Every structure is written in C-alpha cells, then in structure tokens.
Amino acid sequence: MRHMKPSIFLALAFILTLAACDQGAEDKAKSEAPAAPTAMQPTLPALPEGMGVLPTIMPQPADNPTTAARVELGKTLYFEPALSKSGQFSCNSCHNLGTFGVDNQRFSIGHKWQRGGRNAPTVLNSGFWSKQFWDGRAPLLEDQAKGPPLNPVEMASASEEEVIKRLRQAGYEPLFVEVFGGGPEALSYDNMAKAIAAFERTLTTPNSAFDKYARGEGDISEAAKRGMRKVDEIGCTSCHSGPLFTNNAFQNFAFGTDAGLKDVTGKDEDDHVFRVQSWRNVAMTAPYFHDGSAATLNDAIRIMAEVQLDTDLSDADVADIAAFLETLTGESPKVDFPILPRPAGQALQWRD
Ligand code: HEC
Ligand code: HEC
C-alpha cells in the first residue's frame, strides 16, 4: 500500500489529462455537427497574454525519474529529523506542508535556535523553477537537497558520512536497496537527495480559483479581474509571466542589503539580482522577499510597483492586485505523515 499512493496520484493526473482530451474531442465532434447545441461548451475568458493554467507534471532529469518508489522514500526523508544533528529538524520544519511549504517566519529557526539571513521560500511547485534558492545557486532540486542537512544554521550535521551513518542506524538501508538496487552502498548521500527531489516533484498545487476561471469552470471576483488586467497593463507580468507567473529569470531588485547573485558569481552586474518569484500560492507564504521584510502582501505589491516599475499604486489598485493574487492559491497536496524507520529498543544517537 505504501508504494501505491503516488502511483495513484500519477495515474489520476493521467486519467484527468485523458478526460480533458476526451472532452476536447467531444466538443470538436459537437461543433462539427451542424445542428448540435453548443451551450454545453464552457466559454473561456479572455486572459491577458501569457497567463494560463498551472502545468500538472514537472520536468524531471533523466537520471532521476519521478517513480512511485522514489517518491515514497523521498517523502519519508522529507519528514526525517535524523538528517539533523539534534534530531529536531526535518525539511518539513521550515517548509511545512501543512502551511503551503513555508514556516511564515521572517527568518527560519534552525539548529540551536539560530536564524539564517534569508526567508524560506515554499517547496510547492519548486520543481518548475529554473534554479533553486533566491540567488539560484543550486541548479536542480537534487543539488539543493544536499545543502540543508550540513548547513550549520539549519540542520547542522557534521558531514555526509554522519548523516548516512544515522540513516543506517535508523534502518534505511533496505529501503534504499529496494529503491535504487545494488548493495549497502545504495544508502548514499546522492541517493538521499534524489529521493527527496523526486518527492518534491509531486508537490504541485492545481485547481486554484484562477485556473478554474481560465478553464471556463468558475468565476473570480470583479476586483480580481481588475487586478488581473492591472498587472498586465503596468508591466508586472513582464517578469511574473506565463502560467507559473514567473519568467524564471534573474532580475535586479534594488532593495535591502543582500547582494544576491553577486555573492555567488562575484560579478558587479549581479549585485542585488534574485530569481523572479512565482505568484502561485503567494497569498499563503507571507512574509515576503528574500529578507522577509515585507510583512503583508499589500506591502510587497506596493514596494514591487515602486522599485521595479517606478509606479505609485493607489490603495484601490493594491487591493485589486491582492485580490487577483489570492486567486492563485491552489490545492496544497494532501500528504500523510510517514512512519519513519527506527531500531527497536534503542534511540538514535543525537549530539547537542
Ligand atoms: C532551518 C530551516 C530550513 C530547513 C531545515 C530546510 N530549509 Fe529549505 N530553505 C530554507 C531557507 C532559508 C531557504 C532559502 C535560502 C536561500 O535562498 O539562500 C531554503 C530554500 C529551499 C529551496 C529552494 C526553493 C526556491 O524557491 O528556490 C528548496 C527546494 C528547499 N529549501 C528544500 C529543502 C529540503 C528538501 C530540506 C530538507 C533536506 C530543507 N529545505 C530544509 C530553510 C530551510
Ligand atoms: C523587473 C522584474 C519584476 C517586475 C516588473 C515585478 N517583479 Fe515582483 N519580483 C521580482 C523579483 C526579482 C522578485 C524576488 C524579490 C526578492 O528577491 O526578494 C519579486 C518578488 C515579488 C513578490 C514577493 C514574492 C515572495 O514570495 O516573496 C511579489 C508579491 C511581487 N513580486 C509582486 C509584483 C507585482 C504586483 C508587480 C507589479 C506591480 C511586480 N512584482 C513586478 C521581479 C519583478
């Protein structure tokens, strides 16, 4: 059963896609038959250029297919506090799947109550982003997942070996061998990251009010429609473009003290450059910006208009744009908390 659920999820996505195709074929047949009524066809709204429904399937690298077995192991590791030195922090501590993949803190609390210097972005939909982190320093989710267990202000494990040793003590070896094949070496840091990334690639948020509206299945408020037109008119969507509401590019954001991409590349032209953040679920991921300095969505909208577009928005425009962004909140994936492997009769060894 444990291994069935993600395959059911994928099968469902597939069936839904087929159903959508069937619907299309039916509609086509109807429109070709001269006397057929067309009243059943949903009227699709006219959307500003580029806007559209969230894609259902995330791209996956050739060496890490999103198989049901990898997803299930990755889910277990995602909730596994044994990745941390203290045994207290899992990925879910800071990217809580009960609260849209964030902790709603300005800066997350990590090992020994330390706080880092950046706001934790959501893991939801993150497999759609061109690169990971505000400054894009990790190309893939696989690269990203290797960071937190060893980061001294996050999970603070001493080394990859220490993490693997603890996972072995917990009883992970047979699970890794089952998923990746081979012998005891299947339990490796690389495979840990692959499994977590495969799980993250299932974390999409379909069926937002906007998506239903775009498919002709529902309506959004007049305020949200005004906001939708406004962001197009004033140019927000030159960066927050397409169905993901980000062009996935890196842009200057002359705000705050963080040097962003410059700290990665050392180049002056990369000073204060950050990845354009998606608007998907943004209403649920306050506070905002890489430094979490904008407490409310309205503040973030106003600051963006000023800094990026040199525009002072009226209160009414800000409210309309916020109403539109709220329609981009999708269905957060329902994830059962996994049972973690543990040895009988003894606790894992934690360090202070
Ligand atoms: C102590 C809090 C904390 C823990 C624990 C943590 N993260 Fe993060 N995560 C962050 C912060 C903060 C950032 C942003 C850092 C940056 O951009 O420099 C981040 C960034 C990310 C991103 C990039 C998202 C994006 O939009 O670019 C992903 C994906 C992610 N974390 C997944 C994970 C996974 C998987 C784990 C467990 C292995 C994990 N995180 C553990 C705080 C945490
Ligand atoms: C020139 C490109 C550009 C334009 C134009 C732009 N943005 Fe942004 N936006 C960004 C970047 C880059 C970020 C990430 C900022 C950071 O690093 O803190 C961002 C972040 C945001 C965030 C915060 C997301 C989060 O998760 O913290 C919101 C909300 C937002 N933009 C709304 C808007 C609105 C509304 C407009 C139009 C008034 C707009 N943006 C115009 C590039 C742009």
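The values are calculated or read from the model by the stated rules, or taken from the named source; none is laboratory data. Predicted model, so just to flag it, every value in this text is computed and none were measured. Note that we place each Cβ from the backbone using ideal geometry, even for glycine, and neighbour counts take in every protein chain shown.
Can you tell me which residues in the stretch 334-348 are out of contact with any helix residue (DSSP H, G or I) (no Cβ under 7 Å at 6 or more places or on another chain) and either under 19 Å from Tyr288 (Cα atoms) or not acidic (Asp, Glu) (or both)?
Lys334, Phe337, Ile339, Ala344, Gly345, Gln346, Ala347
Within the stretch 175-182, is even one residue within 17 Å of the chain's Cα centre (by Cα), surrounded by 15 or more Cβ atoms within 10 Å (Cβ to Cβ) and at negative phi?
No - not one qualifying residue is present in the stretch 175-182.
Select from the stretch 91-110 the residues that are crowded, with 19+ Cβ neighbours inside 10 Å, near ligand 1 (Cβ under 10 Å from one of its atoms), in contact (Cβ under 8 Å) with a residue 60 or more places away in the chain and part of a loop (DSSP other than H, G, I, E, B) and list them in ascending order.
Hits for the stretch 91-110 are Gly101, Val102.
Please specify each residue of the stretch 261-281 satisfying the condition of being more than 9 Å from ligand 1 (Cβ to nearest atom) and among the small types (Gly, Ala, Ser).
Of everything in the stretch 261-281, just one residue is more than 9 Å from ligand 1 (Cβ to nearest atom) and among the small types (Gly, Ala, Ser), namely Gly266.
Spot the failing condition for Val318; the list is (1) β-branched (Val, Ile, Thr); (2) assigned to a loop (DSSP other than H, G, I, E, B); (3) farther than 30 Å from Phe89 by Cα, and only one is missed.
It is condition (2) that Val318 fails.
Does Gly110 satisfy the condition of being under 24 Å from Phe250 (Cα atoms), modelled with pLDDT under 95 and over 16 Å from the mean Cα position of the chain (by Cα)?
Answer is no for this residue.
Starting from residues that are touching a Lys or Arg at 6+ places or on another chain (Cβ under 7 Å), of a type outside the set (Val, Ile, Thr) and surrounded by fewer than 21 Cβ atoms within 10 Å (Cβ to Cβ), keep the ones in the stretch 293-320 and report whichever is farthest from Gly227 (Cα to Cα).
Leu313
Please find, among Asn252, Asn248, the residue that is touching a Ser or Thr at 6+ places or on another chain (Cβ under 7 Å), within 13 Å of ligand 2 (Cβ to nearest atom) and not β-branched (Val, Ile, Thr).
Exactly one residue qualifies, and that residue is Asn248.
Residues to consider are Phe274, Phe289, Phe250, Phe245; find the one that is aromatic (Phe, Trp, Tyr), modelled with pLDDT of 95 or more and touching a His at 6+ places or on another chain (Cβ under 7 Å).
Step by step, each of Phe274, Phe289, Phe250, Phe245 is checked, and only Phe274 is aromatic (Phe, Trp, Tyr), modelled with pLDDT of 95 or more and touching a His at 6+ places or on another chain (Cβ under 7 Å).
So for the stretch 71-85 (the condition being in a helix (DSSP H, G or I), out of contact with any Phe, Trp or Tyr (no Cβ under 8 Å at 6 or more places or on another chain) and on the phi > 0 side of the Ramachandran plot), does at least one residue qualify?
no
Could you grab the pairs with beta carbons closer than 6 Å, sequence gap of 6+ or different chains, first residue in the stretch 172-184 and in the same structural domain as Glu80 (by TED's automatic domain parsing) and of a type in the set (Phe, Trp, Tyr), second one in a loop (DSSP other than H, G, I, E, B) and surrounded by 11 or more Cβ atoms within 10 Å (Cβ to Cβ)?
Pairs found: Tyr172/Leu187; Tyr172/Pro341; Phe176/Leu187.
For the stretch 132-248, list the helices (runs of 4 or more DSSP H) that sit wholly inside it and hold at least 1 residues that are farther than 30 Å from Ala305 by Cβ, away from ligand 1 (no atom under 13 Å from the Cβ) and touching a Phe, Trp or Tyr at 6+ places or on another chain (Cβ under 7 Å); which are they?
Once the helices (runs of 4 or more DSSP H) in the stretch 132-248 are filtered for at least 1 residues that are farther than 30 Å from Ala305 by Cβ, away from ligand 1 (no atom under 13 Å from the Cβ) and touching a Phe, Trp or Tyr at 6+ places or on another chain (Cβ under 7 Å), what remains is 160-170, 189-200.
Can you pull out the residues in the stretch 191-224 that are touching a residue at least 24 places away in the same chain (Cβ under 8 Å), over 18 Å from the mean Cα position of the chain (by Cα) and under 30 Å from Asp63 (Cβ atoms)?
Listed by number, the list holds a single entry, Met192.
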